[in-house]
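J.: I'd like to ask some things about the structure below.
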Amino acid sequence: MFKEPAWRFFPLTPAAQTGSLWAMRTYTLDDLRNWPTATRDLSNPARLAVIGDPVAHSRSPQMHNPALRAAGIDGEYVRLHLQPEELEEGIALMKAADFIGFNATIPHKGAVFAAVDGMSETARRIGAVNTVAIRDGVLVGHNTDAPGWKEAVREAFSADLAGLRVMVVGAGGGAGRAAAVQCAMDRCERLVLANRTVEKAHALAAELRDAIGDAGRLAVIPWEEGAMERELDGIDLIVNATSMGMKEGDAEAVPQRLIQPHHLVYDMVYAPARTRLMAAAEERGAKAENGLGMLLWQGALAFEFWFRREAPLVAMREGLLGS
Ligand code: NAP
């Protein structure tokens with residue numbers, strides 16, 4: 001039975017309205033070199049960060065700081081702008097500053113994969129690390145994007161991947177890859193990979209053939225209306241893992257006329273909250289959800305990886321919603 005999350009249309013509170021330093025500030029490598037001085041105005045030591053280039057847009061502090069407060073942990077989670085050539089020094093400085101861990105976003109997920117001392121099976125299969133725990137100076141990598149997306153789908157549609165026929169649109173990027181690997185690990189009923197650069201989808205399919213168990217369940221198509229149309233009758237879950245829908249005037253990731261009432265549509269895009277694809281899907285009578293749940297759940301799983309305890313999900317959700 002489909003259960004509609006009550007929170008999905010809530011606006012996110014702009015950082016400036018919260019008044020919190022962590023909500024507004026983005027730190028740099030120079031700050032990291034003088035960490036106690038740079039962070040002296042924070043009420044707790046900054047020992048967690050999201051690193052990226054750019055990173056100022058990241059909403060992770062809005063969910064992780066309320067989680068730390070709710071769990072009674074003394075620590076702040078901050079944004080850290082590191083360029084690719086700054087990554088190695090940045091990681092060494094975080095270690096020296098006694099960080100608990102960090103999240104990595106674009107463009108660092110691949111480089112961090114290569115930099116960690118060990119990693120989870122999920123991270124190894126996805127080939128990217130978005131979460132690192134620093135345990136006694138050892139970097140342990142994990143990927144919470146894929147299991148986070150799976151939880152978000154379960155919450156949005158009360159559905160398990162194992163029973164679904166899935167089309168991943170944008171299977172050439174990191175997020176599409178994470179979704180496809182999760183589908184294969186869960187041995188979903190059918191997995192169709194669609195991508196503009198179709199060679200990337202073929203390469204991914206070749207990697208997933210063993211994991212999915214039965215190569216007949218796997219198909220690759222170009223990102224073309226006709227090819228999608230031929231598949232969509234037999235698809236339950238459509239996933240938009242392209243960045244289309246974020247900008248005014250973007251092309252449709254999936255042409256609206258192809259969406260049917262039986263489809264579940266998961267758009268990884270979460271800004272605007274009611275994405276263009278969601279609106280198009282709902283007009284066609286389909287159920288649709290934005291990517292905010294994926295953001296929440298990957299954060300919750302990261303919290304659990306760092307602290308080995310259940311994440312305070314309510315605080316994290318409220319933090320994201322700005323309430
Ligand atoms: P990425 O690595 O840059 O991949 C982008 C994908 O979109 C590729 O498959 C690319 O196709 C396709 N694409 C881009 N522009 C296109 C266009 N104009 N026409 C057709 N295909 C196009 O990006 P990513 O990191 O995977 O992120 C993808 C999306 O997921 C973004 O919107 C991101 O914000 C979202 N995301 C959300 C969450 C969340 O927590 N909700 C987490 C991660 C990512 P080619 O291979 O042909 O280039």
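The values are calculated or read from the model by the stated rules, or taken from the named source; none is laboratory data. Every value quoted in this text rests on a predicted model; they were computed, and no experiment measured them. Every residue, glycine among them, receives a Cβ derived from its backbone with ideal geometry; neighbour counts consider all protein chains shown.
J.: Which ones in region 77-125 are in contact with a strand residue (DSSP E or B) (Cβ under 7 Å, 6 or more places away or on another chain), basic (Lys, Arg) and over 18 Å from HIS64 (Cα atoms)?
T.: Passing the criteria: only LYS95.
J.: Can you name the number of the only condition in (1) away from the ligand (no atom under 16 Å from the Cβ); (2) not in a loop (DSSP other than H, G, I, E, B) that LEU301 fails?
T.: All conditions pass for LEU301, except number (1).
J.: Same structure, new question: Quick one: which residue in VAL181, VAL166, VAL220 is in contact (Cβ under 8 Å) with a residue 60 or more places away in the chain and among the β-branched types (Val, Ile, Thr)?
T.: None of the others qualify; the one that does is VAL166.
J.: Same structure again: Evaluate the following for VAL140: is it among the hydrophobic types (A, V, I, L, M, F, W, C), within 15 Å of the chain's Cα centre (by Cα) and under 30 Å from ILE100 (Cα atoms)?
T.: Here the answer is no, as VAL140 does not meet what is asked.
J.: Of the residues MET278, MET316, MET294, MET246, which is on the phi < 0 side of the Ramachandran plot, within 8 Å of the ligand (Cβ to nearest atom) and not in a loop (DSSP other than H, G, I, E, B)?
T.: After applying the criteria, what remains is MET294.
J.: Among ARG8, ARG59, which is the only one that is among the basic types (Lys, Arg) and at pLDDT 90 or above?
T.: ARG59 is the lone residue from the list that is among the basic types (Lys, Arg) and at pLDDT 90 or above.
Listed here are the residues, each with its yes/no results for (1) outside the structural domain of ARG177 (by TED's automatic domain parsing); (2) more than 29 Å from CYS183 (Cα to Cα); (3) free of Cβ contacts under 8 Å to residues at least 24 places away in the same chain.
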{"residue": "ALA38", "(1), (2), (3)": "yes, yes, yes"}
{"residue": "GLY52", "(1), (2), (3)": "yes, no, no"}
{"residue": "GLU76", "(1), (2), (3)": "yes, yes, no"}
{"residue": "LEU82", "(1), (2), (3)": "yes, yes, no"}
{"residue": "ALA92", "(1), (2), (3)": "yes, yes, yes"}
{"residue": "ALA115", "(1), (2), (3)": "yes, no, no"}
{"residue": "GLY118", "(1), (2), (3)": "yes, no, yes"}
{"residue": "ILE126", "(1), (2), (3)": "yes, no, no"}
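J.: Now a separate question. Just to check your reading of the model, which residue among ALA184, ALA179 is assigned by TED's automatic domain parsing to the domain that holds ILE221, in a helix (DSSP H, G or I) and within 14 Å of the ligand (Cβ to nearest atom)?
T.: Only one candidate qualifies: ALA179.
J.: OK, next. Which is surrounded by fewer than 20 Cβ atoms within 10 Å (Cβ to Cβ) and without any contact (Cβ under 8 Å) to a residue 60 or more places away in the chain, of ALA96, ALA146?
T.: The unique qualifying residue is ALA96.
J.: Can you name the residue in region 220-241 that is part of a helix (DSSP H, G or I) and within 15 Å of the ligand (Cβ to nearest atom) and is also farthest from GLU252 (Cα to Cα) among such residues?
T.: If we take residues in region 220-241 being part of a helix (DSSP H, G or I) and within 15 Å of the ligand (Cβ to nearest atom), then ALA227 is farthest from GLU252 (Cα to Cα).
J.: Taking ALA253 as the residue in question, decide whether it is among the aliphatic types (A, V, I, L, M) and within 8 Å of the ligand (Cβ to nearest atom).
T.: yes
J.: I would also like to ask the following. For the structure I just gave you, tell me whether ILE73 is more than 26 Å from ARG308 (Cβ to Cβ) and not in a helix (DSSP H, G or I).
T.: It is false that ILE73 is more than 26 Å from ARG308 (Cβ to Cβ) and not in a helix (DSSP H, G or I).
J.: For region 187-218, which positions are more than 22 Å from ALA123 (Cβ to Cβ), within 13 Å of the ligand (Cβ to nearest atom) and part of a strand (DSSP E or B)?
T.: ALA194, ASN195
J.: Could you check region 28-82 and list, in sequence order, the residues that are among the basic types (Lys, Arg) and either within 19 Å of LEU320 (Cα to Cα) or touching a Cys at 6+ places or on another chain (Cβ under 9 Å) (or both)?
T.: Residues satisfying the conditions are ARG59, ARG69, ARG79.
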